[in-house]
Amino acid sequence: MSAAGVVELTASEAAAAVERGELAAGELFESYRARAASDVQAGADGLNCFTWVAEAAGPDGARAPLQGVPLAVKDLFCVAGVPSQAGSRILEGYLPPYTATAVSRLSDAGAALLAKTNQDEFAMGSSNENSAFGPVRNPWDRERVPGGSSGGSAAAVAAGLAPWAIGTDTGGSIRQPAALCGIVGLKPTYGAVSRYGMIAFASSLDQAGPLTRTVADAALLLRHMSGRDPCDATSLQLAPVELPDAERLDGLRIGVPEELSGEGVEAGVREQFTRALARAQELGAAVEATALPHAPHALSAYYVLAPAECSSNLARYDGVRYGLRAQGAEDLLQMYTRTRHDGFGPEVKRRVMLGTYALSAGYYEAFYGRAQKVRTKIAEDFARAFESVDLIATPTSPTVAFKLGERTAEPLAMYMSDYCTVPMSLAGIPAISIPCGLSQGLPVGLQLAGPAFSENRLLDAAHALERAIAFDASPARV
Ligand code: GLN
């Protein structure tokens, strides 16, 4: 098989070709490794997807079931002996002594570590512009962002620099970049994938999941990365993940919440979303209006809760235990403050300050306590909606990929990017984004969400719709 042919295969197809002996795992790995390395070499002329690329495949070669298919991993997953900085200067030089469970499970299943991917610092952002490694470019239009925070993972998969990747989603960071890059992104039920070894942002929301070219690839990755892990007390066991094979949606009830699909969603996105719903009806689904009355308050609650958790999680970066330490300080306090001053970027500092304020004595009830109540209301809205519908559909992102620099000066405009994805994060429920068309020549994502533990149904519905929509556009190969 030619190197160009190799990278056109989906990850599932590549694994099958290796298994049948039609493709050598070493050749598969090298085809991608060369492409990933050339993106690194291209510097500012490349997409800047990677923070580290492997020099060679591990010693194991092809092993069932994943057959040595190369895997790109968001920088914030710890991998023993491999630089893991979560996109931050403060972790410069940090080499973890252990590997995240999600990554070790995939390696045990036969995946080969290809690269670490660029991301917003500590996963805070929606554009991948908050990275110590510089922004990632969107392969559909290099003047635009790939979305974030898993922007490097999404751009790498969209550009054919990796067959598949994993990322994390706290408020939208898998789904939104998947939408903006025209690929599939799945945020599983909270707890489905162990958080052990994931550098934490907001622990009650952080969840790992796949970014892939197809729904079948997402199911395959989820099958092998999920599961209860004694190292993460919040992890749980999903029912066995099936590979999706549905072609029809007969009997499926899909609810469309006006709150997340009406005003605020740009016209071109709404048009593709409406077309996708028509496809769902052609496949036999019943599409009806549903209400999520508290969803419009999700972002406000999220931007109290996530910074609160972040301020606590990031207290550990003190210049003593990990990575960067500012030199020349006169005493311990000065060393702490200088290290944090030099090591954190502006968005991380903003969140630490917001979170510390929201948690401070006298304000705790007014901010954190109220935001928790809103979170409960949102979870109740979903529970009520799922009494009459099986799945909920919304656009993944209110807009297509925006220009680099367009929202950096306006944090609130940036935060709006996650308007449609944050409610599911607060409720802890699974949601998937699949490409559903183009607007202005840029991909549009369709989001489907289901009740906790409904991954198999969600993947089946997404698979049937993916077939019917037949999105076959791709960015120019680099
Ligand atoms: N963009 C959101 C934020 O900045 C969500 C990020 C994420 O899911 N990690 O917090």
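Selection over the range 382-428 of residues that are small (Gly, Ala, Ser) and either within 12 Å of the ligand (Cβ to nearest atom) or more than 25 Å from residue 450 (Cβ to Cβ) (or both) gives a count of 7.
Quick check on the range 149-175: of everything there that is of a type outside the set (Gly, Ala, Ser) and more than 8 Å from the ligand (Cβ to nearest atom), which residue is farthest from residue 113 (Cα to Cα)? Give the derivation first.
Pass one, the range 149-175, residues of a type outside the set (Gly, Ala, Ser): 157, 161, 163-164, 166, 168-170, 174-175.
Next, from what is left, pick out any that are more than 8 Å from the ligand (Cβ to nearest atom): 157, 161, 163-164, 166, 175.
Numbers: 157: 14, 161: 13, 163: 12, 164: 11, 166: 11, 175: 22 Å.
The qualifying residue farthest from residue 113 (Cα to Cα) is 175.
Look at residue 449 and say whether it is over 28 Å from residue 142 (Cβ atoms) and small (Gly, Ala, Ser). Give the derivation first.
Numbers: over 28 Å from residue 142 (Cβ atoms): yes; small (Gly, Ala, Ser): yes.
For residue 449, the condition - over 28 Å from residue 142 (Cβ atoms) and small (Gly, Ala, Ser) - is met.
Please verify whether residue 461 is buried (at least 24 other Cβ atoms within 10 Å of the Cβ), more than 16 Å from the ligand (Cβ to nearest atom), of a type in the set (Gly, Ala, Ser) and under 21 Å from residue 389 (Cα atoms), treating the condition exactly as stated. Against the criterion (buried (at least 24 other Cβ atoms within 10 Å of the Cβ), more than 16 Å from the ligand (Cβ to nearest atom), of a type in the set (Gly, Ala, Ser) and under 21 Å from residue 389 (Cα atoms)), residue 461 qualifies. Taking the range 253-351 as the region of interest, the helices (runs of 4 or more DSSP H) fully inside it that hold 1 or more residues being touching an Asp or Glu at 6+ places or on another chain (Cβ under 6 Å) and modelled with pLDDT of 95 or more are 332-343. Taking the range 9-26 as the range and being part of a helix (DSSP H, G or I) and closer than 20 Å to residue 157 by Cβ as the test, the residues that pass are 11, 12, 13, 14, 15, 16, 17, 18, 25.
For residue 430, the criteria (1) surrounded by fewer than 24 Cβ atoms within 10 Å (Cβ to Cβ); (2) within 16 Å of the chain's Cα centre (by Cα); (3) farther than 17 Å from residue 147 by Cβ hold in every case but one, which is (1).
You will find that of 265, 348, 320, 304, the residue that is touching a Cys at 6+ places or on another chain (Cβ under 9 Å) and assigned by TED's automatic domain parsing to the domain that holds residue 366 is 348 and no other. In the set (1) under 18 Å from residue 254 (Cα atoms); (2) in contact with a helix residue (DSSP H, G or I) (Cβ under 8 Å, 6 or more places away or on another chain), residue 407 fails one condition alone, (1).
The rows are residues; the columns are (1) within 15 Å of residue 235 (Cα to Cα); (2) assigned to a strand (DSSP E or B); (3) in contact (Cβ under 8 Å) with a residue 12 or more places away in the chain.
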| position | (1), (2), (3) |
| --- | --- |
| 192 | yes, no, yes |
| 205 | yes, no, yes |
| 211 | no, yes, yes |
| 217 | no, no, yes |
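Scanning the range 423-473 for residues being closer than 26 Å to residue 372 by Cβ, assigned to a loop (DSSP other than H, G, I, E, B) and of a type outside the set (Gly, Ala, Ser) gives a total of 4. Note on the range 111-131: residues that are more than 16 Å from the ligand (Cβ to nearest atom) and either within 10 Å of residue 87 (Cβ to Cβ) or within 17 Å of the chain's Cα centre (by Cα) (or both) total 2. Residues considered: 280, 301. Of these, the only one that is more than 18 Å from residue 425 (Cα to Cα) and surrounded by 19 or more Cβ atoms within 10 Å (Cβ to Cβ) is 280. Given the condition over 20 Å from the mean Cα position of the chain (by Cα) and closer than 22 Å to residue 173 by Cβ, answer yes or no: does some residue in the range 200-222 qualify? No.
The values are calculated or read from the model by the stated rules, or taken from the named source; none is laboratory data. Just so we're clear, the structure is a prediction, and the values are computed from it rather than from any experiment. Neighbour counts are summed over all protein chains in view; Cβ atoms, including those assigned to glycine, are modelled from backbone coordinates with ideal geometry.
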